Amino acid sequence: MAADLEDFGRWRGKPVDLDELEERNRILATTGNGLSAVDYMASRDWIDGFRRRMAVWWESFDLLLTPSLGVAPFVLGWLPSDDVSMARGRTNQAVAFSSPVNATGQPAISLPLHRTSG
């Protein structure tokens, strides 16, 4: 978020002021600005190792079938803009299955195979 805001500020010709952001984006930007290059590289190293572990896992399997979402599809407002902690927790629930696939660059497809009664 911090890097994206820097890029956006350059694009629009004026730095982004944190007061222009919603609370959750302000928290993400502030957190990102507080990380060092060493922190960033440690995170990249961990993700690279996770990619390698996933590649080894695929040597024994041809298919990983999971739900697309970790929760039933939700209505607008389910991710509250005024409660960052709840929004983060709910987001983590929702993307629990797709995040590891996205982070490791695995091919994936989402198909509508089931609907709840709701």
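The values are calculated or read from the model by the stated rules, or taken from the named source; none is laboratory data. Note that the structure is a prediction, hence the values are computed from the model and not measured. With ideal geometry, Cβ positions are generated from the backbone for all residues, glycine too; neighbour counts draw on all protein chains shown. Protein only, heavy atoms only, side chains kept; ligands, DNA and RNA dropped before computing areas. Shrake-Rupley method; radii C 1.70, N 1.55, O 1.52, S 1.80 Å.
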Looking at the range 89-104, can you tell me whether even one residue there is of a type outside the set (Asp, Glu), touching a Lys or Arg at 6+ places or on another chain (Cβ under 6 Å) and within 27 Å of Val56 (Cβ to Cβ)?
yes
Kindly indicate the residue of the range 45-91 that is under 22 Å from Thr104 (Cα atoms) and of a type in the set (Gly, Ala, Ser) and also modelled with the lowest pLDDT among those meeting that condition.
Ser68
Against the conditions (1) free of Cβ contacts under 8 Å to residues at least 24 places away in the same chain; (2) under 30 Å from Ile27 (Cα atoms); (3) more than 18 Å from the chain's Cα centre (by Cα), where does His114 fall short? Just the number, please.
(2)
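Restricting the search to the range 12-35, which residues are within 20 Å of the chain's Cα centre (by Cα) and more than 22 Å from Pro80 (Cα to Cα)?
Taking the range 12-35 and keeping what is within 20 Å of the chain's Cα centre (by Cα), we get 21-35.
Across the range 12-35, the qualifying residues are Asn33, Gly34, Leu35.
Please find, among Leu28, Leu65, Leu21, the residue that is over 21 Å from Leu5 (Cα atoms) and aliphatic (A, V, I, L, M). I'd like the intermediate steps shown before the answer.
On the way: Leu28 fails: over 21 Å from Leu5 (Cα atoms); Leu21 fails: over 21 Å from Leu5 (Cα atoms).
Sole residue among the options that is over 21 Å from Leu5 (Cα atoms) and aliphatic (A, V, I, L, M): Leu65.
Only one residue in Ala29, Ala94, Ala87 is surrounded by 15 or more Cβ atoms within 10 Å (Cβ to Cβ), touching a residue at least 60 places away in the same chain (Cβ under 8 Å) and not polar (S, T, N, Q), so which one is that? Break it down into steps so the answer makes sense when it comes.
Details: Ala29 fails: touching a residue at least 60 places away in the same chain (Cβ under 8 Å); Ala94 fails: touching a residue at least 60 places away in the same chain (Cβ under 8 Å).
Unique residue meeting the criteria: Ala87.
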Just give me the residues in the range 50-84 being open to solvent by less than 60 Å² (accessible area, probe 1.4 Å) and of a type in the set (Phe, Trp, Tyr), in sequence order.
Phe50, Trp78
Considering each residue of the range 37-90, count those that are over 28 Å from Glu23 (Cα atoms), of a type in the set (Phe, Trp, Tyr) and in contact with a helix residue (DSSP H, G or I) (Cβ under 8 Å, 6 or more places away or on another chain), and give that number.
1
